[in-house]
Amino acid sequence: VEQLERPPPPKRPRRCSLKSVEAVVQKHFLPIGLAGALLLGRTLPAPGAALAQLKVAGRGAVSFVCVTFIFIVSGLTLKTDDTKKALRAWKATAFGFVSILFLTPLLALLPQQLPFLPAEFQIGFLIFCTMPTTVNSGVALAQTAKGNFALALLLTVCTNLLGVVTVPFYLSLLLGVG
């Protein structure tokens, strides 16, 4: 007797549990956080504008506190072994320093060779290229990409400290201003 093949039973749709939502949010926290902040800022700009007015010694108090908090939390999440590995990776550290502080600013020369680009774009690109890596681009993206978090944090902190010297030099040199 010939047996008829039965089709497989239909798959049940996966339920959206709190754990699965939490896993997605943890995996994609940076884009979700940036999109949420953008949405909040666009819908309720008044609280952000009011907080931006708070100044201490002529500087934005809220932005200072937030950046300090990010660095402290990032430092507290480091493991001692990861920090030791980052300090031992001198070749990667040297390449990071050279590329962030010396090679990337040279990219600013490219738009200046394209006369059809607006001057505002050329100047904006120049400023963008001369600035050292930020916490978002340096640390958060390295962590999201499962890169070396400790090395990214080391490079971000050190290049920002050295950027105090290099950024004015590059801007005066490339923009021709004092």
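The values are calculated or read from the model by the stated rules, or taken from the named source; none is laboratory data. If you're wondering where the values come from, they're calculated on a predicted model, not measured in any experiment. Note that we place each Cβ from the backbone using ideal geometry, even for glycine, and neighbour counts take in every protein chain shown. For the accessible areas, the whole protein counts, side chains as well, though only heavy atoms, and no ligand, DNA or RNA atoms are used. Shrake-Rupley method; radii C 1.70, N 1.55, O 1.52, S 1.80 Å.
Would you compute the Debye intensity of segment 90-176 from its alpha-carbon atoms alone, equal scatterers and no solvent, and pass along log10 I(q)/I(0) at q = 0.10, 0.24 Å⁻¹ to two decimals? These q points yield log10 I(q)/I(0) values of -0.28, -1.11. Of the residues Phe102, Val165, Ala86, the one whose Cα sits farthest toward the positive end of the charge dipole of segment 30-178, with +1 on the Cβ of Lys and Arg and -1 on the Cβ of Asp and Glu, is Ala86. Evaluated over the Cα positions of segment 1-103, the convex hull gives a direction-averaged projected area, one quarter of its surface, of 16.3 nm². In whole percent, and with a 1.4 Å probe on the protein chains, what portion of the accessible area of segment 1-129 is carbon and sulfur? Ligands and nucleic acids excluded, carbon and sulfur reach 70 percent.
Note on segment 49-124: along the principal axes its Cα atoms extend 51, 44, 18 Å, ordered by decreasing extent. Accessible surface calculations at 1.4 Å, restricted to protein heavy atoms, place the chain at 78 Å² per residue. Taking chymotrypsin sites (Phe, Trp or Tyr not before Pro) across segment 95-178, the ones in a DSSP loop with at most 16 further Cβ atoms lying within 10 angstrom of their Cβ are Phe116.
Note that segment 157-170 has calculated 3J(HN,Hα) couplings of 5, 5, 5, 5, 5, 6, x, 4, 8, 6, 4, x, 4, 5 Hz, one per residue in order, obtained from phi through the Karplus relation 6.51 cos²θ - 1.76 cosθ + 1.60 (θ = phi - 60°); glycine and proline are x. Per residue of segment 101-113, what does 6.51 cos²θ - 1.76 cosθ + 1.60 with θ = phi - 60° give for ³J(HN,Hα)? Whole Hz please, x for Gly and Pro, Karplus curve as stated. These are the phi-based 3J(HN,Hα) values: 8, 10, 6, 4, x, 5, 4, 5, 6, 4, x, 5, 8 Hz.
Over every Cα atom in the chain, the radius of gyration and the widest Cα-Cα span, Dmax, amount to 23.4, 94 Å.
Expressed as a whole number of Å, what is the distance separating the alpha-carbon centroids of segment 104-178 and segment 47-78? Computed from Cα coordinates, the inter-centre distance equals 21 Å. Placing +1 on the Cβ of every Lys and Arg and -1 on the Cβ of every Asp and Glu, with no other charges, gives the chain a dipole of roughly 600 debye about its Cα centre.
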